[in-house]
Amino acid sequence: MPRLNSSTSSSSRRTLRIRAVLATGAWTLLFLTLADIAVGLAFPWPADPRQQPGSLQSYFGYGQSIEAKLHYLVRPTDAASAQIVSSGWIDRECRHVPTAPPPGKLGVTVYGMSFSEHVRHELGQLDKNLVTTGYAGPGAPLSHSYACFQAVSQSGRDPNQVQIIGILASSVKRMLTIGGVTTTFEAPAPFTYPRYTLERGRLSMQEPVVRGSADLRNPARWSAYKAQLAQVDSWYDPVLMQASPLDRSVFVGLLRRAYAQAEDRRLIERLVYDGHAFTDNPQLGPVMKTLLLDFAARVRGQGKLPIVILFQDRGSGADSLYGLLGPTLEKAGVPVVTTHAAFSVSDSRNFIADGHFTPEVDRAIARIVLAQINAARPSLSAIR
């Protein structure tokens, strides 16, 4: 009877091991694929983007590409689309001019985001002689507020005597972008705004190609916008932006989401906030100071009162926003209300679950703002 030599026996064993490994890998891949498909089928997003998805639906959908999310949010009409699709557009919302307040009333215009809108609401509750108008975008940066202010107040069209801009610490990074889709990967906000830079000490502005929700439905305009993002938006990343068949995979989405979070942290540490204070990036502090001083000069030139509210929210230190802007504004005599002085970000009692201040804090901030208004009220017409 023939006998196998040792080399033949060893080769056979290796072949069997390889086959076993390949079989195990194939079964594992099949199981993961079936599990991936099952999870996707079990937790699909609602067919109607206006309906709020459940927590598990959101969790397993967060990792889809930005384009896939926008395809879901943006429908043929704004009425059929998610509400955020029509929010914050400068060309739509900032062309409306406030009506003149009735005799005996004082008009107040507020620019910013949800934090400033909450304070604006409280102002109207605290003093019934105030008539307020608000212009805001989802997490809007100063660049959006300044552009909106210019659109509303050009040629002295805004009759309101008090002009307020609110700035949010966590939105400072959006000064390096031209829209809300790149910095909020998990929940992109489609609205856009200019990016301002300083060229030899003078402001320069890069306008976004996409100017309204209708542009999101125009393939040529959207393609041009992506090319523009790649050139001027510091948060643009094709890995996160581009839609592909892999958007159907829940597991790939989880990996993409982890990558997005890591990249966001890396960019913040390199360009925006070093863990202690905002960086000395010339595209941040110098640009923001220039915009705010110009805002104050224009408002005062119309005999009105400018006020800047610095909202220090979580994630950017205890007083970093004041450190970035406060001394410059105070030196210029611009009224400043900074939330860090009275409402610490380390005290969880100051916040609700979604990261906003509690209504009580909003009301307290509004009282501080109202004190600034009341101090100037007798001489508003004399401010130059």
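Test Ser249 against the stated conditions and say whether it is farther than 21 Å from Cys94 by Cβ, more than 19 Å from the chain's Cα centre (by Cα) and of a type in the set (Ser, Thr, Tyr). Here the answer is yes, as Ser249 does meet what is asked. Here Ser143 does not qualify as surrounded by 24 or more Cβ atoms within 10 Å (Cβ to Cβ) and either under 17 Å from Thr192 (Cα atoms) or modelled with pLDDT of 95 or more (or both).
Scanning region 299-312 for residues that are surrounded by fewer than 20 Cβ atoms within 10 Å (Cβ to Cβ) and either at pLDDT 95 or above or out of contact with any helix residue (DSSP H, G or I) (no Cβ under 9 Å at 6 or more places or on another chain) (or both) turns up Arg300, Gly301. The set of residues in region 95-135 being farther than 19 Å from Glu360 by Cα, touching a residue at least 24 places away in the same chain (Cβ under 8 Å) and assigned to a loop (DSSP other than H, G, I, E, B) consists of Arg95, His96, Val97, Pro98, Thr99, Ala100, Pro101, Pro102, Gly104, Lys105, Asn129.
Conditions (1) farther than 30 Å from Lys105 by Cα; (2) not hydrophobic (A, V, I, L, M, F, W, C), marked per residue:
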site: Leu329; (1), (2): no, no
site: His340; (1), (2): yes, yes
site: Ser346; (1), (2): yes, yes
site: Pro359; (1), (2): no, yes
site: Val369; (1), (2): no, no
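From the list Asp347, Asp362, Asp313, which one is without any contact (Cβ under 8 Å) to a residue 40 or more places away in the chain and either touching a strand residue (DSSP E or B) at 6+ places or on another chain (Cβ under 7 Å) or among the acidic types (Asp, Glu) (or both)? Every option except Asp347 fails the conditions. Among residues of region 148-176 being without any contact (Cβ under 8 Å) to a residue 60 or more places away in the chain and crowded, with 24+ Cβ neighbours inside 10 Å, the one that is nearest to Thr339 (Cα to Cα) is Ser171. On the stretch given as region 87-118, residues that are out of contact with any Ser or Thr (no Cβ under 7 Å at 6 or more places or on another chain) and within 26 Å of Thr177 (Cα to Cα) total 14.
Against the definition (within 28 Å of Tyr236 (Cβ to Cβ), in a loop (DSSP other than H, G, I, E, B) and within 18 Å of the chain's Cα centre (by Cα)), how does Arg314 come out, yes or no? Let's see the steps before the verdict.
Working: within 28 Å of Tyr236 (Cβ to Cβ): yes; in a loop (DSSP other than H, G, I, E, B): yes; within 18 Å of the chain's Cα centre (by Cα): yes.
So Arg314 fits the description; yes.
The set of residues in region 239-259 being assigned to a helix (DSSP H, G or I), closer than 15 Å to Leu70 by Cβ and at pLDDT 95 or above consists of Leu240, Met241. Residues in region 141-177 that are under 26 Å from Ala224 (Cβ atoms), in a loop (DSSP other than H, G, I, E, B) and either in contact with a helix residue (DSSP H, G or I) (Cβ under 6 Å, 6 or more places away or on another chain) or of a type in the set (Asp, Glu) (or both): Pro141 alone.
The values are calculated or read from the model by the stated rules, or taken from the named source; none is laboratory data. Just so you know, these numbers come straight off a predicted model, no measurement behind them. Reconstructed Cβ throughout: ideal geometry from the backbone, glycine too, with neighbour counts over all protein chains shown.
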